[in-house]
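Let me begin by presenting the structure, written as structure tokens, before commenting on it.
The values are calculated or read from the model by the stated rules, or taken from the named source; none is laboratory data. For clarity, every value in this text was computed on a predicted model and none was experimentally measured. Here the Cβ positions follow ideal geometry from the backbone for every residue, glycine too, while neighbour counts run over all protein chains shown. The protein model used for the area step is the full one, side chains on, heavy atoms only, and it has no ligands, DNA or RNA in it. Shrake-Rupley method; radii C 1.70, N 1.55, O 1.52, S 1.80 Å.
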Amino acid sequence: MKLQEINFDGLVGPSHNYAGLSLGNLAATKNAGDTSYPRAAALQGIAKMRGNMDAGLAQGFLLPLPRPNSRWLEALAADETTDPGLIAGAWSASSMWTANAATVSPAPDTADGKCHLTVANLVSMPHRSQEWPDTLAQLKLAFADESTFAVHGPVPACFGDEGAANHMRFADEHGAPGLEVFVYGRSGGKFPARQHEQASRIVARKHGLDPERVLFVEQNPDAIAAGAFHNDVVAVANERVLFTHELAFADRQGTYDAITAKCPGAQVVEVPADRVSLSEAITSYLFNAQLLTPPSGEMTLVVPEECRDSVPVWSWLQDMLAGNGPIRHVKVVDVRQSMANGGGPACLRLRVVADPAKVDPRFMLTQAKAEAMEGVISAYWPDQIDATDIGNEALADTIRAARTKMLDLLDLSELT
Ligand code: SUG
């Protein structure tokens with residue numbers, strides 16, 4: 001059995017819109033009320049997936065959830081007097097950011113030798129708290145092989161859990177036993193700390209991780225206050241490499257020391273604050289990059305276009321490439337529609353280390369399937385959504401019909 005890293009990207013849903021629902025996510029609040037372009041957004045996402053497949057990497061996807069979410073509107077007893085922010089929540093396409101779908105512990109790390117996934121409860125943001133039941137249904141389908149996978153329900157709602165966005169894994173190679181690092185925030189700052197320490201500890205216990213190969217690390221409160229609402233906005237790991245902003249963790253040196261003690265050979269690529277400020281890191285999403293090992297073995301950082309637009313970030317990246325560090329290539333992708341809601345290349349994917357043959361093939365991407373999906377998107381995804389369109393019944397029908405067409409194409413109508 002060959003374990004590989006498979007990236008499951010969230011297909012951007014036909015209801016993609018900018019409603020400014022996430023306090024502490026500066027891009028989302030800044031762009032509140034702007035016109036969104038769901039068709040372009042979904043095509044940008046597919047292009048990113050295609051690029052990673054071209055590089056020889058295994059690629060999967062997860063589908064948009066039913067939106068507007070009638071079950072959620074019913075639970076809110078929504079009517080014409082209801083706060084528009086709540087109605088917009090029912091329309092949110094936020095499940096596209098699959099880094100928040102679940103936390104994943106690959107088989108080499110767990111006591112029973114299965115790959116464990118715990119769906120994230122996402123309780124910190126009302127519009128995201130409605131995601132988990134439909135996400136769980138999808139995970140149970142994609143990872144139905146019970147001899148390989150164990151899919152868990154969410155941790156208790158009193159502890160916010162935002163999934164893999166606050167989880168890093170270090171290993172000599174993806175299929176080897178790893179060190180799992182859970183990053184949590186402490187509340188009390190001006191923005192919500194979305195990952196609770198207890199949620200991380202519960203996930204680690206449920207997954208049967210060896211306490212000797214787990215770390216719980218606090219996020220720097222200054223990073224949360226600057227807009228790093230998830231740790232993956234300021235740090236990303238791949239195999240033995242940690243690519244991080246200097247100010248990502250509350251105890252910078254203590255965190256690096258603990259990682260290198262438990263994962264000898266770990267390398268820290270740190271970007272100093274005097275080269276790239278926290279604010280520049282958050283606007284450019286330098287760290288919300290995919291750090292990938294293609295078959296060539298040359299580690300590649302997949303960054304959003306916004307990094308090339310930033311003089312300090314681009315110049316730091318050029319200096320990094322000119323040196324002899326472990327990250328050998330930088331690839332730029334256009335995910336501007338997602339970025340405007342605070343979701344970069346890394347937010348859009350959930351990493352699962354597993355044998356691709358054990359995954360339900362309906363969730364695995366091929367170039368031919370990508371082309372067919374692009375056809376459905378081009379024909380049925382709305383071109384644009386203005387703030388005033390949210391709540392419009394005719395548009396709701398268009399959105400539902402578009403999703404149904406995609407489920408039909410992929411033979412996944414049981415997700416209706
Ligand atoms: O939860 N944005 C998402 C972005 C998630 C990014 N994910 C990671 N960093 N892994 C969020 O804040 C905006 C939706 C709106 O405002 O309409 C939103 O939910």
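Give a residue-ordered list of calculated ³J(HN,Hα) values for region 354-365 (Karplus: 6.51 cos²θ - 1.76 cosθ + 1.60, θ = phi - 60°; whole Hz; x for Gly, Pro).
6, 7, x, 5, 8, 8, 4, x, 5, 9, 9, 9
Aspartates and glutamates near residue 369 by alpha-carbon distance under 17 Å, same-chain residues fewer than 8 away left out - which ones?
9, 54, 360, 408, 411
Along the charge dipole of the chain, pointing to its positive end and built from +1/-1 on Cβ of Lys, Arg, Asp and Glu, which listed residue (302, 14, 125) has its Cα farthest out?
Value computed over the given set: 302.
Among 376, 410, 363, which residue has its Cα positioned farthest towards the positive end of the charge dipole of region 345-416, with +1 placed on the Cβ of Lys and Arg, -1 on the Cβ of Asp and Glu, and the dipole taken about the Cα centre?
Farthest along the dipole direction, towards plus: 363.
Considering only the chain, what is the antiparallel percent among its DSSP beta bridges, to the nearest 5?
50
So if I place +1 on the C-beta of Lys and Arg and -1 on the C-beta of Asp and Glu, and nothing else carries charge, what would the dipole magnitude of region 4-415 be about its Cα centre? I want it in debye, nearest 20.
Values: 33 positive and 50 negative charges, 51 e Å.
Dipole about the Cα centre, nearest 20: 240 debye.
What span do the alpha-carbon atoms of the chain cover on each of the three principal axes, reported in whole Å from largest to smallest?
Rounded to whole Å, the extents work out to 57, 46, 41 Å.
Would you mind finding the longest exposed-site-free stretch of the chain, with exposed GluC sites (Glu not before Pro) meaning DSSP loop and at most 10 other Cβ atoms within 10 Å?
Numbers: sites that count: 80, 146.
For GluC sites (Glu not before Pro) (loop position, at most 10 other Cβ atoms within 10 Å), the longest site-free span of the chain is 147-416.
Looking only at trypsin sites (Lys or Arg not before Pro) in DSSP loops with at most 10 other Cβ atoms within 10 Å, what is the longest site-free stretch of the chain?
On the way: sites that count: 2, 190.
By the stated rule (loop sites, at most 10 other Cβ atoms within 10 Å), 191-416.
Using a probe of 1.4 angstrom, how much of the accessible area of region 4-415 is carbon and sulfur, in percent?
51
Among 215, 163, 3, which residue has its Cα furthest toward the positive end of the charge dipole of the chain, with +1 on Lys/Arg Cβ and -1 on Asp/Glu Cβ?
Result: 3, furthest along the dipole toward the positive end.
Ignoring everything but the protein chains, give the 1.4 Å probe accessible area of residue 339 in square angstrom, nearest 10.
Solvent-accessible area, nearest 10 Å²: 20 Å².
How large is ³J(HN,Hα) for each residue in region 3-10, as worked out from phi by the Karplus curve 6.51 cos²θ - 1.76 cosθ + 1.60 (θ = phi - 60°), to whole Hz, x for Gly and Pro?
7, 9, 7, 10, 8, 9, 8, x
In square angstrom, what is the accessible area per residue of the chain with a 1.4 angstrom probe?
Solvent-accessible surface per residue comes out at 37 Å².
Output the relative contact order of region 192-249, whole-number percent, from Cα pairs under 8 angstrom with separation of 6+ residues.
Normalised by residue count, the contact order of region 192-249 is 34 percent.
Taking the Cα centre of region 189-346 as origin and charging only Cβ (+1 Lys, Arg; -1 Asp, Glu), how large is the dipole, in debye to the nearest 20?
Details: 14 positive and 19 negative charges, 91 e Å.
About 440 debye.
All other residues with a Cβ under 15 Å from the Cβ of residue 328 taken together, and with Lys, Arg as +1 and Asp, Glu as -1, what is their net charge? Can you show the working numbers first?
On the way: positive: 240, 331; negative: 239, 298, 319.
Net charge around residue 328: -1.
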